[in-house]
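Below is one structure, written out as structure tokens; the observations come after it.
Bear in mind these aren't lab numbers, they're just calculated from the coordinates by the rules spelled out. Predicted, not measured: the structure shown is a model, and the values here were computed from it. Quick reminder, even Gly has a Cβ in these numbers, built from the backbone with ideal geometry, and neighbours come from all protein chains shown.
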Amino acid sequence: VGARPQFIKAAPVSRKIRKENTEVLVHTGQHYDENMSKVFFDELNIPKPDYNLGVGSASHGKQTGKMLIEIEKVIMKENPDYVLVYGDTNSTIAGALAASKLHISVAHVEAGLRSYNKNMPEEQNRVLTDHISDLLFCPTKTSVENLKKEGITNGVHNVGDVMYDSVLYNVEIARKKSNILENLNLNKNKYYLATIHRAENTDNKEKLLTILDSLNELDEKVVFPVHPRTNKKMNDYGRNKNYYSNIKFIKPVSYLDMLKLIDNSIKILTDSGGLQKEAYFLEKACITLREKTEWIETLNNNYNILVKKDLDKIKNYVNLSIDINKKSEYFGDGNSAKKIISKLRIDKSE
Ligand code: UD1
């Protein structure tokens, strides 16, 4: 693991693995700020990593390359039965590639997702990781179908989504424990929750500023936890946060605080993959500021709406009414981690 969404995915799986097996946890150090990393380990009770590779930020090639060198050393030393990798980040492809080259079985959690937008680094990471994985744990039927189209059928299992496990396990805890609404002086159903961090939205000045201007026009306050990438870009573009009177910019929040913020918001506006699903699990309408999404099931019944081009007219999309009563169980039953562990064991005993 290395980036924030991976800590959330690893938590339920790690908990189950360690009941009867040994796990060696490797943190690449892709995310290193306390509020992007340590807080998730603390809150989700993820054991301290056995290795922290301290790779940090760099260009894609350099970051991934450094990870590859360091992960290879760990795998050679530990000689595991499996290397489990999660999601679609640079840490995912580095782990999968290092293992595959050493002929160690690779298990990919969240396999088969496709946005069919090859410009996204995440899409490159997904496709490459899937093609060198031995076990592919898909969260949805669509992801199984996507793999089939690419000729991958062996070792493919639809186990449901580990992020659903995480939400079910933590939402009540968040409702009781998180004080974020009081701390930010927010009232239930009186704010929108927004997050923007993807390269496709932040690397282009005009695009990021259009999105922020558009959010600033909404009819209720917008709470915006700012990812470090977005923070850096706003500074680079010379845009002060005080410029936006309707947006409340806050530091990145912990997982429990995020669940509480989602649960009490009017709607979600995001480019995050994870947040689109968390909105769905918690029955909140989502407006996704991206050309495409890999979570196409959430688009049914307008639960999730894509804003592809009209980033200056977000308010028109926010006003669309959405039928939130027709939710289906596309993402499994919340026992995904258990299914993953049993498949790993069967595979090794065969
Ligand atoms: C990465 C993942 C993305 C995931 C996201 C979740 C890739 C290609 N992308 O994007 O799929 O949705 O994590 O957050 O792996 N930074 C800090 N402190 C940190 C981490 C990052 O300041 O703790 C800053 C650095 O300036 C860095 C920038 O954020 O250059 C981007 O970080 P990086 O990990 O490269 O990608 P993310 O945009 O976070």
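Suppose the chain between Ile346 and Asp333 were pulled fully straight at 0.36 nm per residue; how much longer would it get relative to their current alpha carbon spacing? Mind showing how you got there, number by number?
Working: separation 13, 0.36 × 13 = 4.68 nm, distance 2.08 nm.
Taking Ile346 through Asp333 to full extension adds about 2.6 nm, to one decimal.
Using unit Cβ charges (K, R positive; D, E negative) and no other charged atoms, how large, in debye to the nearest 20, is the dipole of segment 191-250 about its Cα centre? Show your work: numbers first, answer last.
Values: 10 positive and 8 negative charges, 62 e Å.
It comes to approximately 300 debye.
Counting other Cβ atoms within 10 Å of each Cβ, which chymotrypsin sites (Phe, Trp or Tyr not before Pro) in segment 273-350 have at most 16 and sit in a DSSP loop? Could you put the intermediate results ahead of the total?
Details: sites: Tyr280, Phe281, Trp295, Tyr303, Tyr317, Tyr330, Phe331; in loops: Trp295, Tyr303, Tyr330, Phe331.
Filter output for segment 273-350: empty list.
Hey, how many Å between the Cα centroid of segment 175-207 and the Cα centroid of segment 11-49?
First find each Cα centre; the distance between them is then 24 Å.
Which chymotrypsin sites (Phe, Trp or Tyr not before Pro) in segment 174-269 pass both tests, a DSSP loop state and at most 11 other beta-carbon atoms within 10 Å? Write down the numbers at each step before the final one.
Working: sites: Tyr191, Tyr192, Tyr237, Tyr243, Tyr244, Phe249, Tyr255; in loops: Tyr237, Tyr244.
Sparse-neighbourhood loop chymotrypsin sites (Phe, Trp or Tyr not before Pro): none present.
Lys and Arg at +1, Asp and Glu at -1: add these up for the other residues within a Cβ distance under 12 Å of Asn35 and post the number.
-2
Counting Lys and Arg as +1 and Asp and Glu as -1, what is the net charge of the other residues whose Cβ lies under 14 Å from the Cβ of Ala107?
Values: positive: Lys9, Lys16, Lys339, Lys343, Arg345, Lys348; negative: Glu23, Asp81, Glu110, Asp130, Asp134, Asp347.
Summing Lys and Arg as +1 and Asp and Glu as -1 gives 0.
Can you list the aspartates and glutamates whose alpha carbon sits under 13 Å from that of Lys315, skipping same-chain ones fewer than 8 residues off?
In chain and number order, the partners are Asp213, Glu217, Asp219, Glu220.
With r defined as the distance between the Cβ atoms of Glu145 and Lys48 and R0 fixed at 35 Å, what FRET efficiency is calculated, to the nearest 0.05?
Details: r = 39 Å, r/R0 = 1.10.
After rounding, the FRET efficiency stands at 0.35.
Please work out the FRET efficiency for the pair Arg175 and Asp323, using the Cβ-Cβ distance as r and a Förster radius of 25 Å; give the result to the nearest 0.05.
Values: r = 25 Å, r/R0 = 0.99.
Once the sixth-power term is evaluated, E becomes 0.50.
Determine the calculated [θ] at 222 nm for the chain from helices alone, applying -39500 (n - 2.57) to every DSSP H run no shorter than 4 residues and normalising by the residue count; nearest 500 deg cm²/dmol. Working shown, then result.
Values: 15 runs with 157 residues, N = 350.
So the calculated ellipticity at 222 nm is -13500 deg cm²/dmol.
Taking the dipole about the Cα centre of segment 74-207, with the C-beta of Lys and Arg at +1 and of Asp and Glu at -1, give me whichever of Ser100, Gln124, Asn185 is farthest to the positive side.
My answer, from the dipole projection, is Asn185.
How large is the charge dipole for segment 118-229, taken about the Cα centre, if only the Cβ atoms of Lys, Arg (+1) and Asp, Glu (-1) carry charge, to the nearest 20 debye? Intermediate results must be reported in sequence, preceding the final value.
On the way: 15 positive and 17 negative charges, 53 e Å.
Rounded to the nearest 20 debye, it is 260 debye.
Count the lysine pairs in segment 90-240 whose Cα atoms lie under 28 Å apart, taking only pairs 8 or more positions apart in sequence or on different chains.
Lysine pairs meeting the criterion: 28.
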